[in-house]
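**Student:** The structure is given below, and queries will be raised subsequently.
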Amino acid sequence: MTKPKVIVTRRVPEEGLQILREKCTVHVWDSDDIMPRDELLKRVHGSEGLFCTINDVIDREVLDAAGSSLKVIGTMSVGNDHINVHECKRRQICVATTPDVASDSAAELSVALLLITTRRLAEGLAALKSGTSGSWKPMWLLGNVSMGKTLGIFGFGRVGFGIARRMKPFGVHKILYTDLIDVTYAEGIASRVSFDELLAQSDIICICCAVTAQTVGIFNKNAFSKMKNTAVLINTARGQIINQEDLYDALQNNVIGAAGLDVTVPEPLPLDHPLMTCNRCVILPHMGTNTVEARMAMCVNTAKNIVAMLD
Ligand SMILES: O=CC(=O)O
């Protein structure tokens, strides 16, 4: 019996590829760079499985190019916003993500970014490296401590819960969350409030929701105007959730205090983008799940998902 053909759109850990090779004929785009679109369209033809990442836009064109043989798409990611899941459902193509194994890494990165931003560590590091930090000064780069503050979490899923659990020992006074539903695991840790209450009460807000029609651009001028002017906004979810022009204006005009972004539109943000010039905006190049542990587990799970569904 011929083995099913699986396309892997990126160089990924060998452990995952081995799992695939036992059952499938595997074609790997063996590069750290994104598989060019024309190559993807060409190579996906006749495949039964597609192993992709967040940078591969899997739309109708790709699904058409693959043809009716395609049964499963395994994405080595938590999010699936790069995939037209409605179209996949219509065509009875299974889509699998790898959420659980990445939650600790994503929550930890969120807390790291929160601390870098609230304590102004990026500015300190930049000053040291450029030789402008000078000697110790009593009134220089004063950040804020988390102790006694109110932490707001927008989207209380695995990552939001992980942030809450990690920030509790820092002595935050209150943890609030906004989500579509009451989540039972929030009991004793966080209280559900409306979006407006979250905006008004929080000293720090972490965005950890999925990007949907309801959340695109929800952090905009109107939302910023309801936040404290000292508030710090952290986004480790998706760039589209923040209106970046409004964020720039809010930071420039001291409507809010600071922002820490692991995700932007586009990625990477061009060097001449206005947000890149903002001292109070810390920007990382989408590193939420960049740990050896998460990447290995994400790769192995993606491979297992594909094999299981082809079986
Ligand atoms: O953003 C990263 C992911 O969705 O895994």
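**Student:** Can you name the condition, by its number, that A237 falls short on among (1) in contact with a Leu (Cβ under 9 Å, 6 or more places away or on another chain); (2) closer than 25 Å to V159 by Cα; (3) surrounded by 22 or more Cβ atoms within 10 Å (Cβ to Cβ)?
**Tutor:** Of the numbered conditions (1) in contact with a Leu (Cβ under 9 Å, 6 or more places away or on another chain); (2) closer than 25 Å to V159 by Cα; (3) surrounded by 22 or more Cβ atoms within 10 Å (Cβ to Cβ), the odd one out for A237 is (1).
**Student:** Still on this model: Which of (1) under 24 Å from V111 (Cβ atoms); (2) in a loop (DSSP other than H, G, I, E, B); (3) within 16 Å of the ligand (Cβ to nearest atom) is the odd one out, the single condition M298 does not satisfy?
**Tutor:** (2)
**Student:** Only one residue in V263, V255 is crowded, with 18+ Cβ neighbours inside 10 Å, β-branched (V, I, T) and in contact with a His (Cβ under 7 Å, 6 or more places away or on another chain), so which one is that? Spell out the reasoning first.
**Tutor:** Working: V255 fails: in contact with a His (Cβ under 7 Å, 6 or more places away or on another chain).
Every option except V263 fails the conditions.
**Student:** Ok, one more. For S133, work out the one condition from (1) more than 21 Å from R10 (Cα to Cα); (2) in contact with a Pro (Cβ under 6 Å, 6 or more places away or on another chain) it doesn't fulfil.
**Tutor:** It fails just one condition, (2).
**Student:** Sort out which residues of the range 94-106 are away from the ligand (no atom under 11 Å from the Cβ) and in contact (Cβ under 8 Å) with a residue 60 or more places away in the chain, and write them in order of number.
**Tutor:** Taking the range 94-106 and keeping what is away from the ligand (no atom under 11 Å from the Cβ), we get 94-96, 100, 104.
Answer for the range 94-106, where residues must be away from the ligand (no atom under 11 Å from the Cβ) and in contact (Cβ under 8 Å) with a residue 60 or more places away in the chain: C94, A96, D104.
**Student:** Applying the selection to the range 88-109, what residues are under 16 Å from E48 (Cα atoms) and assigned to a helix (DSSP H, G or I)? Spell out how you get there, then give the answer.
**Tutor:** Of the range 88-109, the ones under 16 Å from E48 (Cα atoms) are 88-89, 91-96.
Within the range 88-109, C88, K89 meet the criteria.
**Student:** Given the structure, is N290 surrounded by fewer than 16 Cβ atoms within 10 Å (Cβ to Cβ), within 13 Å of the ligand (Cβ to nearest atom) and touching a residue at least 60 places away in the same chain (Cβ under 8 Å)? Can you show your working first?
**Tutor:** Values: surrounded by fewer than 16 Cβ atoms within 10 Å (Cβ to Cβ): yes; within 13 Å of the ligand (Cβ to nearest atom): yes; touching a residue at least 60 places away in the same chain (Cβ under 8 Å): yes.
Against the criterion (surrounded by fewer than 16 Cβ atoms within 10 Å (Cβ to Cβ), within 13 Å of the ligand (Cβ to nearest atom) and touching a residue at least 60 places away in the same chain (Cβ under 8 Å)), N290 qualifies.
**Student:** I'd like the residue in the range 108-148 that is of a type in the set (D, E, K, R) and buried (at least 16 other Cβ atoms within 10 Å of the Cβ) and, out of all such residues, is nearest to the chain's Cα centre (by Cα).
**Tutor:** First pass over the range 108-148, keeping only residues of a type in the set (D, E, K, R): 108, 119-120, 123, 129, 137.
Those left that are additionally buried (at least 16 other Cβ atoms within 10 Å of the Cβ): 108, 119-120, 123.
Values: E108: 12, R119: 22, R120: 22, E123: 23 Å.
Filtering first and then ranking leaves E108.
**Student:** Look through L310, L271, L247 and report the one residue that is over 30 Å from G16 (Cβ atoms), buried (at least 17 other Cβ atoms within 10 Å of the Cβ), away from the ligand (no atom under 16 Å from the Cβ) and of a type outside the set (V, I, T).
**Tutor:** Working: L310 fails: over 30 Å from G16 (Cβ atoms); L271 fails: buried (at least 17 other Cβ atoms within 10 Å of the Cβ).
The match here is L247.
**Student:** Shifting gears a bit: Tell me which of these G46 doesn't satisfy, since it passes every other one: (1) small (G, A, S); (2) in a loop (DSSP other than H, G, I, E, B); (3) in contact with a strand residue (DSSP E or B) (Cβ under 7 Å, 6 or more places away or on another chain); (4) within 15 Å of T97 (Cα to Cα).
**Tutor:** (4)
**Student:** While we're on this one: Taking the range 262-294 only, how many residues are in a strand (DSSP E or B) and farther than 14 Å from E245 by Cβ?
**Tutor:** 2
**Student:** Quick one: is A259 within 17 Å of the chain's Cα centre (by Cα) and either within 16 Å of the ligand (Cβ to nearest atom) or not in a loop (DSSP other than H, G, I, E, B) (or both)?
**Tutor:** Values: within 17 Å of the chain's Cα centre (by Cα): yes; either within 16 Å of the ligand (Cβ to nearest atom) or not in a loop (DSSP other than H, G, I, E, B) (or both): yes.
Yes.
**Student:** If I filter the range 229-244 down to residues being among the β-branched types (V, I, T) and within 16 Å of the ligand (Cβ to nearest atom), which single residue comes out as nearest to V216 (Cα to Cα)? Before the answer, list the steps.
**Tutor:** Step one: list which residues in the range 229-244 are among the β-branched types (V, I, T), which gives 230, 232, 234, 236, 241-242.
So of that shortlist, the ones also within 16 Å of the ligand (Cβ to nearest atom) come out as 234, 236, 241-242.
On the way: I234: 16, T236: 14, I241: 4, I242: 7 Å.
Residue satisfying both the conditions and the ranking: I241.
**Student:** Which residues, counting only those in the range 293-307, are buried (at least 21 other Cβ atoms within 10 Å of the Cβ) and of a type in the set (V, I, T)?
**Tutor:** T302, I306 - these are the residues of the range 293-307 that are buried (at least 21 other Cβ atoms within 10 Å of the Cβ) and of a type in the set (V, I, T).
**Student:** Could you count how many residues in the range 54-83 are closer than 19 Å to P266 by Cα, part of a loop (DSSP other than H, G, I, E, B) and within 16 Å of the ligand (Cβ to nearest atom)?
**Tutor:** Here is the first cut: in the range 54-83, the ones closer than 19 Å to P266 by Cα are 54-59, 77-83.
Going one step further and asking which of them are part of a loop (DSSP other than H, G, I, E, B), we end up with 54-57, 59, 77-82.
Remaining after also requiring within 16 Å of the ligand (Cβ to nearest atom): 54-57, 77-82.
Going through the range 54-83 one residue at a time, the tally reaches 10.
**Student:** Let me ask something else about it. Only one of R119, R165, R91, R158 is touching a helix residue (DSSP H, G or I) at 6+ places or on another chain (Cβ under 7 Å), touching a residue at least 12 places away in the same chain (Cβ under 8 Å) and more than 16 Å from the ligand (Cβ to nearest atom). Can you tell me which?
**Tutor:** Values: R119 fails: touching a helix residue (DSSP H, G or I) at 6+ places or on another chain (Cβ under 7 Å); R165 fails: touching a helix residue (DSSP H, G or I) at 6+ places or on another chain (Cβ under 7 Å); R158 fails: more than 16 Å from the ligand (Cβ to nearest atom).
Matching residue, one of R119, R165, R91, R158: R91.
**Student:** Do we find a residue being under 18 Å from V307 (Cβ atoms), within 16 Å of the ligand (Cβ to nearest atom), in contact (Cβ under 8 Å) with a residue 60 or more places away in the chain and among the hydrophobic types (A, V, I, L, M, F, W, C) anywhere in the range 16-38?
**Tutor:** From the range 16-38, those under 18 Å from V307 (Cβ atoms) are 16-28; that's our starting set.
This time we only want the ones that are within 16 Å of the ligand (Cβ to nearest atom), so: 16.
Restricting the remaining residues to those that are in contact (Cβ under 8 Å) with a residue 60 or more places away in the chain gives 16.
This time we only want the ones that are among the hydrophobic types (A, V, I, L, M, F, W, C), so: none.
No, the range 16-38 contains no residue that is under 18 Å from V307 (Cβ atoms), within 16 Å of the ligand (Cβ to nearest atom), in contact (Cβ under 8 Å) with a residue 60 or more places away in the chain and among the hydrophobic types (A, V, I, L, M, F, W, C).
FYI, it's all coordinate maths here, none of it is from the lab. None of the values given here were measured: they were computed from a predicted structure. Every residue, glycine as well, gets a Cβ built from its backbone with ideal geometry; the counts of neighbours run over all protein chains shown.
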